[in-house]
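The structure appears below as structure tokens.
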Amino acid sequence: MNFHPGPGRPHDSPFDLAPAGDGPDSRETVVGSVRDGFAAAFGGVPDGVWAAPGRVNLIGEHTDYSEGFALPIAIPQATFLAAAARDDGLLRLHSTQGDGRTTVLRTEELKPGAVTTWAAYPAGVVWALNESGYPVGGADLYFDSHVPTGAGLSSSAALECVVAAAYNDLYELGLGPVDIALVAQHAENAFAGVPCGAMDQMASACSTAGRALYLDTRGMTATSIPFDPERAGLHLLVVDTRVKHDLGDGAYAALRQGCEAAAGHLGLGALRDLPAARLPAAVRSLPADLGRLVRHVVTENARVEQAVALLNSGDIAGLGPVLSAGHASLRDDYRISCPETDLAVDAAVGAGALGARMTGGGFGGSVIALVPGGRVAAVTEAVTSAFRSAGYAAPGIFPVVPSPGARRLL
Ligand code: GLA
């Protein structure tokens, strides 16, 4: 079940995603190219152009469906959309990464399960808006995604959020960023059938440049925290392991069910409510498989609080050990790392990264590493050569900076 419109940009050499079309220099180029794509696919000019980014999560993994905390940033790689409203109820979808065909749907016929290609994500947003009491009609939507797919960087959330942002403007809905995120999450849960939490959509919709987003998923509050690694002489590298994981394949749902079952056993509404002091007794009272999940969630929530305190005090380097501790917890307790992510983390830290961890849903995808400026080349080389020696496909390695959330470009 992979709905996304094919692969994002190729990124085989280190850093070639850095200018992925969303910086000040390339913005005009991207806007021009999606306007041209729109004209070729549909004829005419779009009403506007929008962008919504992918994300990496600094810490707070697999906590968002236990009403916990997370600390993502938006990345520069975004999905771009040229869009025009239509008054005949037709929804026409075309993607640069697609097979060259235009998908044509009728908005009044949209229902969960009815669309089984990448078009389920944008169509799901249109359905979710109508479901949530925002009556909207059709549109012509032309996409160009610069977010690598299946890499744990939330290409689906970017696709959903860019549609929600465009519809918000085209149909003058008056939605704020959190509303956009929640409509996008509803589309993914109920229309595309992926039982994700809200972290990815919140990061894509609510982020600001130069800051991380401190999420409390119980009240769905988002506080932006200063995060400027470069000012501290550090770089945040993404290592795309090339191991693809599809959240729709059941493993994610099983983990979520495990957390809910554990909370039920403990008499709690959500694992968020288990104080650290009660963790040892709670783990002892549960079957081993559930106890491990609980230990991860409780310690991970504490790591988010620790990371927020560090960033608020300007100690970005202090984040390194928190990242590595988060990885150990995902590997040993949540058990969602894989040999490739473990190797990337070990090689990065061995070559001088201050800390590293897998980010996103797990079972592959990407690793982030916090690296002193002087060690970037060494870390890149160490990870690349470790993958080569292990016989793995060459990883994609590129730096990211905290970037803005969904917005209108034109
Ligand atoms: C995926 C989901 C998110 C979150 C992460 C793990 O990215 O979409 O809601 O659960 O996994 O933190």
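The values are calculated or read from the model by the stated rules, or taken from the named source; none is laboratory data. As the structure is a computational prediction, the values presented were derived from the model and not from experiment. Here the Cβ positions follow ideal geometry from the backbone for every residue, glycine too, while neighbour counts run over all protein chains shown. Areas reflect the complete protein model, heavy atoms only, side chains present, ligands, DNA and RNA absent. Shrake-Rupley method; radii C 1.70, N 1.55, O 1.52, S 1.80 Å.
Miscellaneous remarks
- Sequence ranges 191-197, 228-234, ranked by mean other-Cβ count within 10 angstrom, highest first: 191-197, 228-234
- Volume per residue for the chain equals 128 cubic angstrom (convex hull of Cα atoms).
- Whole-percent carbon and sulfur share, accessible surface of the chain, 1.4 Å: 52 percent
- The charge dipole of the chain, taken about its Cα centre with unit charges on the Cβ atoms of Lys, Arg (+1), Asp and Glu (-1) only, comes to about 680 debye.
- Options Pro321, Thr29, Pro72, ranked by Cα towards positive dipole end of the chain, top entry (Cβ charges): Pro321
- Normalising by residue count, region 53-150 has a Cα convex hull of 136 Å³ per residue.
- Considering only Cα atoms, the convex hull volume of region 297-352 works out to 65 Å³ per residue.
- Database remark: amide H of Gly48 closer than 5 angstrom to the amide H of Ala83 (H placed geometrically; neighbours at sequence offset of 5 or more, or on other chains; Pro and chain starts carry no H).
- Taking every alpha-carbon pair in region 301-392 and binning the separations at 5 Å intervals from zero gives 3, 16, 23, 23, 19, 11, 4, 1, 0 percent.
- Around the amide H of Ile59, modelled in the peptide plane, lie the amide H atoms of Leu71, all under 5 Å away and 5 or more residues distant in sequence or on another chain.
- Distance histogram for region 213-352 (every C-alpha pair counted, 5 angstrom bins, percent rounded to whole numbers): 2, 8, 15, 18, 19, 18, 13, 6, 1, 0
- Accessible-area ranking of Met220, Met202, largest first, probe 1.4 Å: Met220, Met202
- Highest-fluctuation residue, Ala262, Ala390, Ala52 considered, GNM on the chain with Cα pairs under 10 Å: Ala390
- Scanning the chain for DSSP H helices at least 20 Å long along the axis (C-alpha atoms) with a Kyte-Doolittle mean no lower than 0.5 picks out 155-170, 376-390.
- Solvent-accessible heavy-atom area per residue, rounded to whole Å², over the chain at 1.4 Å: 36 Å²
- Under 5 Å from the amide H of Tyr171 lies no amide H of any residue 5 or more positions distant or on a separate chain, with H modelled from the backbone and absent for Pro and chain starts.
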